[in-house]
Amino acid sequence: MAEPPGARRGRVVTVSTSAAAGTAADRSGPLLVAGLRELGLEVPVAAVVPDGDAVGTALREALAAGADVVLLTGGTGLSPDDTTPEQVRPLLDREVPGVAEALRADGRARGVVTASLSRSVAGVAGRSLVVALPGSTGACRDALEVLGPLLPHALDMLAGVPGPEAHAHGRGEP
């Protein structure tokens, strides 16, 4: 049986060519860093990378650093430069589609009809949960509300820590 984990570690990667070039401010990355810290994770400042191959490089670095959860923000839309999902998917061992579906459903429930255009993706890479989010501060703020209740159980499962809910799958079974 696995031992309960110590402090959980998170990483945030902001995907923005303009923020990486210094012509725009990164507002979503710091918001996600603060949100993960409020959830009790140790998180350094967000990495800021341009769209493209740098996204995969930054994700590999976050995973190599032992992050339990990696949140990427930006590059999930329909613009020609929005290739974050294509950079993330090859690094995942398996996808967790329910997370991305929950994020889009939450956006639609909040009246954000464009939430359906998000190409957010979520999955597991080794023992890390990886979630690619839209780049807007509103989407990131809302995502923290959706992810907050899921993260403790998801991270316990990935760490091999059994708990009372481990076999019940949220059905209230003992």
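Assorted remarks:
- Between 28, 79, 116, the GNM of the chain built on Cα springs shorter than 10 angstrom shows 79 fluctuating the most.
- For residue 42, the residues 5 or more places off, or on other chains, whose built amide H falls under 5 Å of its own are 8, 9, 10.
- Listed residues 137, 23, 76, most fluctuating in the chain (Gaussian network, C-alpha, under 10 Å): 23
- Among 117, 158, 133: highest mean-square fluctuation, GNM of the chain, C-alpha pairs under 10 Å: 117
- Rounded accessible area per residue of region 1-129, 1.4 Å, Å²: 50 Å²
- Cα gyration tensor shape of the chain, rounded if a/c is under 1.5, else prolate or oblate by comparing a/b with b/c: prolate
- A full extension of the chain between residue 145 and residue 42 corresponds to an added length of 35.3 nm, given 0.36 nm per residue minus the alpha carbon distance.
- Modelled label positions at residue 89 and residue 60, each set 7 Å beyond Cα in the direction of Cβ, lie 1.9 nm from each other.
- Rel. contact order, % - alpha carbon contacts under 8 angstrom, at least six apart, the chain: 24 percent
- Under a model in which nothing but the beta-carbon of Lys, Arg (+1) and Asp, Glu (-1) is charged, the chain shows a dipole of about 160 debye around its Cα centre.
- Overall form of region 30-70 per C-alpha gyration tensor (a/c, 1.5; a/b vs b/c): oblate
- Nonpolar atom fraction for the chain, defined as the carbon and sulfur part of the 1.4 Å probe accessible area, stands at 55 percent.
- For the chain, the share of DSSP beta bridges that are antiparallel, to the nearest 5, is 35%.
The values are calculated or read from the model by the stated rules, or taken from the named source; none is laboratory data. Note that the structure is a prediction, hence the values are computed from the model and not measured. Methodologically, a virtual Cβ is constructed for each residue, glycine included, from the backbone with ideal geometry; neighbour enumeration extends over all protein chains shown. To get the accessible areas, we keep the full protein, side chains included, count just its heavy atoms, and leave off ligands, DNA and RNA. Shrake-Rupley method; radii C 1.70, N 1.55, O 1.52, S 1.80 Å.
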